[in-house]
Amino acid sequence: MRLFVAATPPAERLQALDEVIGERDELLRWVPMQQWHLTLVFCGEVDDAVVPELRERLARGVARTPPFEVSLAGAGTFPKQAARARVLWVGLGGDVQTLTRLAERCSAAARRSGIAVEDRPFRPHLTVARARRDTVDVRPHLERLASYAGEPWRVDAVRLVQSTLGARVRHETLAQFPLAEFPLAEGALS
């Protein structure tokens, strides 16, 4: 099965972003809003027999991270040249350092379970669109999203998700893991 680990912004934060994006360009394949998420680690194809160990290791790793706040903020493209982009994404603000540490723990859990995950730095983002073919000039979309600053939200859980490709991509949550139960310092949440 094809798996990834993700944090998901609350519906109201996604709806606010959706309104700012506005009209969709047909040159892009827009990710449906209900599938928007922050990928912490992409596991790829995983044998069913590995999933129980992965779940156990993710639960332990995630539980070592306290809840924290992030927000959707800014935008960018892969590659960086917006005139020849393959992916349009929205960035993150807030406690990105803790988010990165959480992603590293999830990646370590996958590796210790025998999954060969990519060894590259975590680049926190939420993908909103991909080029249908080759590359696309997304500068108008990037200009509209570059100054976007959404309201913060509390990340208090991550999900292990199975992704089924096809004419219509489906995401199914296999497990959800809460972050640490100990309280945050007073005033840490808005």
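The values are calculated or read from the model by the stated rules, or taken from the named source; none is laboratory data. Everything numeric in this text was worked out from a predicted model, so none of it was measured. Glycine gets a Cβ as well: all are built from the backbone with ideal geometry, and neighbour counts include every protein chain shown. Each accessible area value is taken on the protein alone, full model and side chains, heavy atoms only, with ligands, DNA and RNA left out. Shrake-Rupley method; radii C 1.70, N 1.55, O 1.52, S 1.80 Å.
Which is over 21 Å from LEU179 (Cβ atoms), part of a loop (DSSP other than H, G, I, E, B) and either modelled with pLDDT of 95 or more or open to solvent by 20 Å² or more (accessible area, probe 1.4 Å) (or both), of ARG24, ARG64, ARG29?
ARG24
For segment 50-60, name all the residues that are open to solvent by 10 Å² or more (accessible area, probe 1.4 Å) and in contact (Cβ under 8 Å) with a residue 12 or more places away in the chain.
As a first pass, look at segment 50-60 and keep what is open to solvent by 10 Å² or more (accessible area, probe 1.4 Å): 50-53, 55-57, 59-60.
Those that are open to solvent by 10 Å² or more (accessible area, probe 1.4 Å) and in contact (Cβ under 8 Å) with a residue 12 or more places away in the chain: VAL50, VAL51, GLU53, ARG55, ARG57, ALA59, ARG60.
Scan segment 37-49 for residues that are touching a strand residue (DSSP E or B) at 6+ places or on another chain (Cβ under 9 Å) and either surrounded by fewer than 16 Cβ atoms within 10 Å (Cβ to Cβ) or in a helix (DSSP H, G or I) (or both) and jot them down.
Start the filter on segment 37-49 by keeping residues that are touching a strand residue (DSSP E or B) at 6+ places or on another chain (Cβ under 9 Å), which leaves 37-46.
Hits for segment 37-49 are GLY44, GLU45.
Exactly one of these conditions fails for GLN34: (1) in a strand (DSSP E or B); (2) among the polar types (S, T, N, Q); (3) open to solvent by 50 Å² or more (accessible area, probe 1.4 Å). Give me its number.
Tallying (1) in a strand (DSSP E or B); (2) among the polar types (S, T, N, Q); (3) open to solvent by 50 Å² or more (accessible area, probe 1.4 Å), GLN34 fails exactly one: (1).
Just for segment 88-108: of the residues that are hydroxyl-bearing (Ser, Thr, Tyr) and free of Cβ contacts under 8 Å to residues at least 60 places away in the same chain, which one is most open to solvent (accessible area, probe 1.4 Å)? Break it down into steps so the answer makes sense when it comes.
So the first thing to find is which residues in segment 88-108 are hydroxyl-bearing (Ser, Thr, Tyr), and the list is 98, 100, 107.
Subsequent filtering for residues that are free of Cβ contacts under 8 Å to residues at least 60 places away in the same chain retains 98, 100.
Working: THR98: 12, THR100: 37 Å².
Per the stated criteria, the residue is THR100.
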